[in-house]
Amino acid sequence: MDRFEQAFWSGESLEDLYRSVSAKPAHAMAALFVAAMREWKRTYEGGGKAIGTLTQRIEKVMNVTVNREVDRLERRLLVLATVGSAGPFIGLFGTVWGIMTSFQSIAASKNTSLAVVAPGIAEALFATAIGLVAAIPATISYNKFISEVNSLAQRMDGFADEFSAILSRQVDENS
């Protein structure tokens with residue numbers, strides 16, 4: 001995205017930049033640029049009959065593209081969110097299971113010695129630990145990645161606003 005923004009603001013022709021990235025946009029900001037330029041080109045290649053609403057259409061296309069790209073990025077975070085939220089409950093289930101095993105061992109042997117109780121308690125503690133070992137890194141990673149997605153969304157919104165202003169100026173000059 002940094003290279004794209006550098007090329008965008010370098011003064012290079014928007015048409016040249018469009019040709020270079022339109023075949024396969026490499027990232028969300030390039031996809032945003034391509035979507036806006038396609039709408040621009042459709043209007044002008046179609047004879048420019050709907051110039052009055054072009055700015056609104058371009059803004060709408062860019063908003064849809066930003067939302068689509070954010071959804072695409074967030075979709076990949078679903079697994080981390082699920083592991084982060086479900087991990088402790090799975091660990092808790094294992095804990096309950098281990099405690100039940102301990103009580104069953106006590107009932108079967110009619111003995112409350114540590115040798116009878118310890119295996120079930122160890123199983124319970126191990127299940128809790130596994131749940132936390134899965135949940136803690138998943139939650140930290142999810143929070144990090146969702147923060148990056150939000151940062152990218154803000155960056156794309158800013159770019160969309162600036163690009164929309166540029167295109168709006170072009171529409172005013174051509175009217």
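The values are calculated or read from the model by the stated rules, or taken from the named source; none is laboratory data. Nothing here was measured: the structure is a model prediction, and the numbers come from that model. Here Cβ is always computed from backbone atoms with ideal geometry, including for glycine, and neighbour counts include all displayed protein chains.
Yes/no per residue for (1) assigned by TED's automatic domain parsing to the domain that holds Thr55; (2) under 14 Å from the mean Cα position of the chain (by Cα); (3) within 28 Å of Gly11 (Cα to Cα):
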{"site": "Glu69", "(1), (2), (3)": "yes, yes, yes"}
{"site": "Met100", "(1), (2), (3)": "no, no, no"}
{"site": "Phe103", "(1), (2), (3)": "no, no, no"}
{"site": "Ala122", "(1), (2), (3)": "no, no, no"}
{"site": "Ala127", "(1), (2), (3)": "no, no, no"}
{"site": "Ser168", "(1), (2), (3)": "yes, no, yes"}
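In segment 102-127, how many residues are surrounded by 17 or more Cβ atoms within 10 Å (Cβ to Cβ) and among the hydroxyl-bearing types (Ser, Thr, Tyr)?
Counting residues in segment 102-127 that are surrounded by 17 or more Cβ atoms within 10 Å (Cβ to Cβ) and among the hydroxyl-bearing types (Ser, Thr, Tyr) gives 2.
Given (1) exposed (fewer than 14 other Cβ atoms within 10 Å of the Cβ); (2) under 30 Å from Asn63 (Cβ atoms); (3) at pLDDT 90 or above, identify the lone condition not met by Ile140.
So Ile140 meets the others, but not (2).
Identify, by number, the condition in (1) of a type outside the set (Lys, Arg); (2) assigned to a helix (DSSP H, G or I); (3) more than 22 Å from Ser151 (Cα to Cα); (4) out of contact with any helix residue (DSSP H, G or I) (no Cβ under 6 Å at 6 or more places or on another chain) that Ala23 doesn't meet.
Against the list (1) of a type outside the set (Lys, Arg); (2) assigned to a helix (DSSP H, G or I); (3) more than 22 Å from Ser151 (Cα to Cα); (4) out of contact with any helix residue (DSSP H, G or I) (no Cβ under 6 Å at 6 or more places or on another chain), Ala23 comes up short only on (2).
May I ask you to say which residue of Thr65, Thr139 is more than 30 Å from Thr43 (Cβ to Cβ), out of contact with any strand residue (DSSP E or B) (no Cβ under 6 Å at 6 or more places or on another chain) and among the polar types (S, T, N, Q)?
Details: Thr65 fails: more than 30 Å from Thr43 (Cβ to Cβ).
None of the others qualify; the one that does is Thr139.
Restricting to segment 108-137, name every residue that is polar (S, T, N, Q) and closer than 24 Å to Thr82 by Cα. Before you say what the answer is, go through the steps one by one.
Step one: list which residues in segment 108-137 are polar (S, T, N, Q), which gives 109, 111-113, 128.
The answer is Thr128, and nothing else.
Among (1) polar (S, T, N, Q); (2) within 30 Å of Ala35 (Cβ to Cβ); (3) surrounded by 14 or more Cβ atoms within 10 Å (Cβ to Cβ), there is one condition Ser147 misses while meeting the rest; what is its number?
All conditions pass for Ser147, except number (3).
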